[in-house]
Amino acid sequence: VQASRKDLRKLERIVSQHQHSVEQGGAAPDKDLQFHHTIALAARNPVMVKLLDVLIKVLRNTPELRPIAEREELEGHRRILAALTRRDASGAERAMRRHLQEIEHTYS
């Protein structure tokens, strides 16, 4: 896991802000996108960052493609962050795959 302590703190802040928004009954699409962008930056993978930048532009301009299950989305982010914090690369990969499958299920 490449994430620095600073990266992990930033992810924790994003998850906390997302949780606050969900608790208030609101949606937090920018927090979702920010979470994934921060992970790409933390991975130090410039190709992934570029791909995610393009995906984020598409998602911001196509609101109907945004996940509608905010609590499930937030829970997925918590699982990913927990694995990253433990420095558990395989656990983070499993958590991310599960998260993506849950989002895919939302749209099928």
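The set of residues in region 1-29 that are open to solvent by 80 Å² or more (accessible area, probe 1.4 Å), touching a helix residue (DSSP H, G or I) at 6+ places or on another chain (Cβ under 8 Å) and under 18 Å from residue 78 (Cβ atoms) comprises 12, 17.
Filtering region 41-52 to residues that are open to solvent by less than 70 Å² (accessible area, probe 1.4 Å) and closer than 18 Å to residue 85 by Cα leaves 42, 43. Evaluated against (1) hydrophobic (A, V, I, L, M, F, W, C); (2) under 11 Å from the mean Cα position of the chain (by Cα); (3) open to solvent by 50 Å² or more (accessible area, probe 1.4 Å), residue 55 falls short on exactly one condition, (2). Within region 70-93, being among the polar types (S, T, N, Q) and either in contact with a His (Cβ under 9 Å, 6 or more places away or on another chain) or free of Cβ contacts under 8 Å to residues at least 60 places away in the same chain (or both) holds for one residue alone: 90. Inspect all residues belonging to region 94-104 and state whether any of them is charged (D, E, K, R) and touching a residue at least 24 places away in the same chain (Cβ under 8 Å). Yes, the conditions are met somewhere in region 94-104. Close contacts from region 40-58, counting a first residue that is touching a residue at least 40 places away in the same chain (Cβ under 8 Å) and a second that is open to solvent by less than 90 Å² (accessible area, probe 1.4 Å), with Cβ to Cβ under 6 Å and a gap of 6+ residues or different chains, come to 42/3; 42/7.
The condition (being β-branched (Val, Ile, Thr) and open to solvent by 30 Å² or more (accessible area, probe 1.4 Å)) is satisfied by just one residue among 106, 38: 106.
The values are calculated or read from the model by the stated rules, or taken from the named source; none is laboratory data. It should be emphasised that the depicted structure is a prediction, and the values quoted were computed from it without experimental measurement. Counting neighbours? That spans all protein chains shown, and the Cβs are built from the backbone with ideal geometry, glycine included. Protein only, heavy atoms only, side chains kept; ligands, DNA and RNA dropped before computing areas. Shrake-Rupley method; radii C 1.70, N 1.55, O 1.52, S 1.80 Å.
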